[in-house]
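The values are calculated or read from the model by the stated rules, or taken from the named source; none is laboratory data. In this text, all values refer to a predicted model and were calculated from it rather than measured experimentally. Don't worry about glycine lacking a Cβ; one is built from the backbone with ideal geometry, like all the others, and counts go over all protein chains shown.
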Ligand SMILES: Cc1cc2nc3c(=O)[nH]c(=O)nc-3n(C[C@H](O)[C@H](O)[C@H](O)COP(=O)(O)OP(=O)(O)OC[C@H]3O[C@@H](n4cnc5c(N)ncnc54)[C@H](O)[C@@H]3O)c2cc1C
């Protein structure tokens, strides 16, 4: 039996199960604490590990032109338990990887129960983990039990940890029509760290605004689940709720047209203006300021493309509101996902500000490796930000731009997407030397990004100093 002190993992969901597996495979003992069935959550229905609470899809499995497909591939290459059991319990779903949820969860539970270095303890960790647990991974997810959430909150100096997550849509910068939109900050204010041209502005005429308000009022809305009984944040009302309060409310709120001049039509004052603000350090993603919404996804795409300049907008993430628990990670976590205020605690999964089953498991995979490497006294070189895993960690621990003018917090959970990857120069020509345009050019770019990711991940793996069993 190993003489190493165990690493404790709190939460046996997607992230905690993967983290535990990675730690054990590296030869380090692990104690996995899962509160179900002793204490339930409002969404989980079983006592199985890695339970999928809603859809059974891990989304696209295309590693050539899809960011989550690439993430699948990277995780497989690093010995992911979640991917191995997902593959083994696949159900037909076109280009997506969907799984038999019970078979999948049973297989993950069985593999962890059978591992000689894994001990599973059922019970809630209802406060800060005991001081003699020198290395802990907290992977308790969006429905972290309140006692633990409050204990973590007390360490962070933040005001809140669990709330209705008001998410504004995020648009790929390259899909915005800059023949219509323009860069300008309100009143050309430079502000701290700005240039006076920090926002993308989309102008609307009176007719366009009225049609837009009508669409918001009649668009399909998501109903709240019974268990989502946390109030909205002040200042984060959904746009359709604002529209219900009066047809002019948006024009005096997030769509106010003051302090902005369309350089192509300086004499025409727009009736309303939608602003988008840079969302990541790379400048590839822009969020729609103040546009948090609980419109259904299908309705959002159509309604937001009514905005001049966004006719062809592609969304890295649509808006939404649901209860969530996550840290302001760019401020609170270090690059190996340790809490700066208490480095014996690491975080993994949705609580770090990623979103989705696969992303949560991916962060669990890396957090497990970071913790195991630390326990073994080995160096783990930083992951290149050009890989899907690295891009995701970079977003969580530093890539997001924190802004102060939009209410309580601007860091929002994010699925993996190509907007998180550093830009790439690529050959936009076909084999006959003809210039590629439109979708063909987009595919060529995605292929270049995924080829680069594969090469960089291979180089990173070759430079690792971890036990072979980890792969
Ligand atoms: C209602 C709902 C629907 C969702 N639908 C989807 C979807 O369709 N597709 C998708 O990709 N993502 C979806 N998500 C997001 C998804 O839950 C997460 O992305 C993913 O499950 C997060 O993984 P995780 O490991 O961080 O947390 P979880 O998988 O939630 O695991 C956390 C675990 O920690 C345990 N736990 C909590 N507190 C404690 C404690 N104090 N002590 C011990 N154990 C504790 C919980 O019981 C749970 O097993 C949904 C989330 C919710 C809330």
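Which residues, taken from the range 311-334, are in contact with a helix residue (DSSP H, G or I) (Cβ under 6 Å, 6 or more places away or on another chain) and either in a helix (DSSP H, G or I) or away from the ligand (no atom under 16 Å from the Cβ) (or both)?
312, 313, 314, 329, 330, 332
Within the range 97-110, track down each residue that is in contact (Cβ under 8 Å) with a residue 12 or more places away in the chain and surrounded by fewer than 20 Cβ atoms within 10 Å (Cβ to Cβ).
100, 102, 103, 106 - these are the residues of the range 97-110 that are in contact (Cβ under 8 Å) with a residue 12 or more places away in the chain and surrounded by fewer than 20 Cβ atoms within 10 Å (Cβ to Cβ).
Give me the pairs, please: first residue somewhere in the range 316-341 and outside the structural domain of residue 391 (by TED's automatic domain parsing) and without any contact (Cβ under 8 Å) to a residue 12 or more places away in the chain, second residue anywhere and within 16 Å of the ligand (Cβ to nearest atom) and part of a helix (DSSP H, G or I), beta-carbon distance under 8 Å, and either six or more positions apart or on two chains.
Pairs that qualify, where the first residue is outside the structural domain of residue 391 (by TED's automatic domain parsing) and without any contact (Cβ under 8 Å) to a residue 12 or more places away in the chain and the partner is within 16 Å of the ligand (Cβ to nearest atom) and part of a helix (DSSP H, G or I): there are none.
How about the range 192-221: which of its residues are in contact with a strand residue (DSSP E or B) (Cβ under 8 Å, 6 or more places away or on another chain) and closer than 20 Å to residue 297 by Cβ?
Answer for the range 192-221, where residues must be in contact with a strand residue (DSSP E or B) (Cβ under 8 Å, 6 or more places away or on another chain) and closer than 20 Å to residue 297 by Cβ: 212, 216, 219, 220, 221.
Would you check if residue 153 is within 16 Å of the ligand (Cβ to nearest atom), free of Cβ contacts under 8 Å to residues at least 12 places away in the same chain and either in a strand (DSSP E or B) or over 30 Å from residue 315 (Cβ atoms) (or both)?
Yes.
Just to be sure before I move on: is residue 372 closer than 20 Å to residue 424 by Cα, crowded, with 24+ Cβ neighbours inside 10 Å and in the same structural domain as residue 58 (by TED's automatic domain parsing) in the structure I sent?
No, not satisfied.
Could you count how many residues in the range 46-82 are closer than 27 Å to residue 10 by Cβ, in contact (Cβ under 8 Å) with a residue 40 or more places away in the chain and not in a loop (DSSP other than H, G, I, E, B)?
So the answer is 10.
Which residues, counting only those in the range 337-373, are assigned to a loop (DSSP other than H, G, I, E, B) and within 19 Å of residue 80 (Cα to Cα)?
Within the range 337-373, 337, 348, 355, 356 meet the criteria.
Look at residue 121 and say whether it is within 10 Å of the ligand (Cβ to nearest atom), within 25 Å of residue 3 (Cα to Cα) and either more than 26 Å from the chain's Cα centre (by Cα) or not assigned by TED's automatic domain parsing to the domain that holds residue 364 (or both).
yes
If only one of 407, 399, 438, 433 is at pLDDT below 95 and in contact with a strand residue (DSSP E or B) (Cβ under 6 Å, 6 or more places away or on another chain), which one is it?
Just one listed residue meets the conditions, 399.
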